[in-house]
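One structure below.
The values are calculated or read from the model by the stated rules, or taken from the named source; none is laboratory data. What you see is a predicted model, and the numbers here were worked out from it, not measured in a lab. Cβ atoms come from the backbone with ideal geometry, glycine included; neighbour counts cover every protein chain shown.
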Amino acid sequence: MTPSPASVLARVALSSALVLGTFVSGLGTAAAQAASVRPATWGQCAADVLAGLPPSVTPEERARLTCAVQDVPVDHSRPYGEKTGIFMIKRAANDPSRRIGSIFLNPGGPGLSGVLHGALVKNYLHATVLDRFDVIGFDPRGVARSNPMRCFRTKEEADAVNQGRSPLPRTEEEISSSIRQAKLYTDYCKVNAGPLLNHMSTEAVARDLDIMRESIGEKQLNFVGFSYGTVIGSTYANIFPHRVRAMVLDGNVDAPLRLTNGEENDRQSARGFEIAFDAMLKRCDSVGVAKCAFAGDARSKFEAMRKALAAGPVTLPDGSKVALATLIGRVYGDLYAPSRFGTLAAWLQSVHNALNPSAALALQSTVEPPPPLANQNDRLDIAPQSGTPYTADDSFYGVNCTDKPYLRTNRFWAQTASKWEQESPTFGRYQAASGLMTCPTWPTNNPDRWIGPWDRPTKNPIVLVGNYYDPATQYLFAQRMAKQLGNARLISVDAFGHCILGRSAGTDTAVAKYLLDLTPPADGAVFQPNEQPFA
């Protein structure tokens, strides 16, 4: 009799032979960071760094920016061994005479560069914080300007591997092709990724962060992390609890779950998107068609749309085709940003009209989708720029497949995807086509993965921020982390979208007070966003 995926998973849960890596950290505290730390050398940012910033970064703001590269060990258990550089960008405090210290900031991903967020920090933190703190954004190891981990040498190689991979494998042919190409992708990583391949864990990033802290001469860390950046923060706080001054984690990942069960982590992530989308459709109906074009039994319309597109794509008036994967991918990405909900609703209505021509009275034109949210939809971001060289990096899977243990086989992928699809009809299979398909063959041996403890108390509470309808990191994760961390305080926000700092005045004020004078928010604090969707 063929065993079920659940029974196999139960038998091997404690066996490192079938799970990617081990269940203990590979780093000893005595070995890690034994070497002396070179002070950071700040200087003018390179022209290409400044050229990559948007026009909204004013000349005055650009004048506050300086850059540095800090060397860290590739392998922290060998502090005197090979080094890799971590790129940092610093925005100087507005009032240096009253400066408290520095705040390190990470935007998440994994795989997102911290350069842009460091330069645009005024969009996320209260002005009073920027008066008194330098803010340092950084590219974690293997990301962007920090020795990017690349699995391909050329764009052509990447295109050839990704061409046969479906974002929503449904047929036997699509599933077998996608699994085959996922294995080919990891084979390329084994050949081309270099020495960082075995050292892309969040634990390694947390230890890098401690070296960066020491390099700027500060005895304690101030840190603001978004999304995956919350894993960096919670990991740091448990490796170095005595070195934390203040920490704010917005859009919380359930770190213990992520670091011990990749499959269950991803299943629950799909549920988060399902919960957020259901709430969005209900909100759409409640505000009516004048504010939400898709209103009018929106859930039933979407279910009918999904069923119709499962049979084949539809052609919109502009000639573009919308397949089921197109539909789900668009909704998945736009749930991150409530500002896109109105446009998303209009686009959904245009697809509905194309499927029901006799009812197509409300919208006669196709709504153009906004530009994609770079890497925020938690999908593989291999989109090389023009020209032959492969200029993307593969840190997304480099981190996820190192951190998250999965079965070392894709034998049960189709069964698992079908189960997830029953639980999360819109996003279950889509989510399963990411880490669950790629990571089983990831070529990492004994990664230095931190799996706890998670309850080491810090002197001051860690402030967690959670949106009720966050799709990527559901509110339940923030509630869990508030209980699992040794000393934490949870701010709840009645909001949609992924993360909230910069979009809720009450939250921003509470966070500023905490960062400035270490006054934590009240237990059970609940705030509103500056604007609700469809307003």
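Below are the figures for this structure:
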{"item": "Index of the failed condition, V224 passing every other in (1) in a helix (DSSP H, G or I); (2) within 20 Å of the chain's Cα centre (by Cα)", "result": "(1)"}
{"item": "Tally of residues being of a type outside the set (K, R), more than 20 Å from W420 (Cα to Cα) and in a helix (DSSP H, G or I) across region 231-258", "result": "13"}
{"item": "Selection count where residues are farther than 10 Å from W442 by Cα and surrounded by fewer than 24 Cβ atoms within 10 Å (Cβ to Cβ), scope region 394-411", "result": "4"}
{"item": "Among the candidates D71, D75, residue that is touching a Lys or Arg at 6+ places or on another chain (Cβ under 8 Å) and among the acidic types (D, E)", "result": "D71"}
{"item": "Qualifying residue in region 161-184 (condition: in contact with a strand residue (DSSP E or B) (Cβ under 8 Å, 6 or more places away or on another chain) and either modelled with pLDDT under 95 or aromatic (F, W, Y) (or both))", "result": "no"}
{"item": "Residue in region 211-218 that is under 24 Å from H126 (Cα atoms) and touching a helix residue (DSSP H, G or I) at 6+ places or on another chain (Cβ under 8 Å) present", "result": "yes"}
{"item": "Hey, F152 crowded, with 21+ Cβ neighbours inside 10 Å and under 30 Å from N222 (Cβ atoms) or not", "result": "no"}
{"item": "Residues that are of a type outside the set (S, T, Y), crowded, with 24+ Cβ neighbours inside 10 Å, touching a residue at least 40 places away in the same chain (Cβ under 8 Å) and farther than 21 Å from D334 by Cα, drawn from region 467-509", "result": "A478, M481, L485"}
{"item": "Output for region 391-403, where each listed residue is hydrophobic (A, V, I, L, M, F, W, C) and part of a helix (DSSP H, G or I)", "result": "F396, V399, C401"}
{"item": "Test result for D254, surrounded by 20 or more Cβ atoms within 10 Å (Cβ to Cβ), of a type in the set (D, E, K, R), in contact with a Lys or Arg (Cβ under 7 Å, 6 or more places away or on another chain) and in the same structural domain as T507 (by TED's automatic domain parsing)", "result": "yes"}
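Residues checked against (1) without any contact (Cβ under 8 Å) to a residue 40 or more places away in the chain; (2) in contact with a Leu (Cβ under 6 Å, 6 or more places away or on another chain):
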site: V253; (1), (2): no, no
site: E274; (1), (2): no, no
site: D285; (1), (2): yes, no
site: V289; (1), (2): no, no
site: F294; (1), (2): no, yes
site: A311; (1), (2): yes, no
site: T315; (1), (2): yes, no
site: I328; (1), (2): no, no
site: Y336; (1), (2): no, yes
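A quick yes/no check of all residues on (1) of a type outside the set (V, I, T); (2) more than 30 Å from N400 (Cβ to Cβ); (3) at pLDDT below 95:
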{"residue": "G272", "(1), (2), (3)": "yes, no, no"}
{"residue": "V287", "(1), (2), (3)": "no, yes, no"}
{"residue": "K291", "(1), (2), (3)": "yes, yes, no"}
{"residue": "S300", "(1), (2), (3)": "yes, yes, no"}
{"residue": "R330", "(1), (2), (3)": "yes, no, no"}
{"residue": "R340", "(1), (2), (3)": "yes, no, no"}
{"residue": "A359", "(1), (2), (3)": "yes, yes, yes"}
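Residue by residue, here is whether (1) of a type in the set (D, E); (2) touching a Cys at 6+ places or on another chain (Cβ under 7 Å) holds:
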position: P54; (1), (2): no, no
position: T58; (1), (2): no, no
position: L65; (1), (2): no, yes
position: Q70; (1), (2): no, no
position: P73; (1), (2): no, no
position: G85; (1), (2): no, no
position: D95; (1), (2): yes, no
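Residue-wise test of (1) hydrophobic (A, V, I, L, M, F, W, C); (2) free of Cβ contacts under 8 Å to residues at least 12 places away in the same chain; (3) more than 18 Å from W442 (Cα to Cα).
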| position | (1), (2), (3) |
| --- | --- |
| L120 | yes, no, yes |
| N123 | no, no, yes |
| F138 | yes, no, yes |
| R150 | no, no, no |
| E156 | no, no, yes |
| S177 | no, no, no |
| R180 | no, no, no |
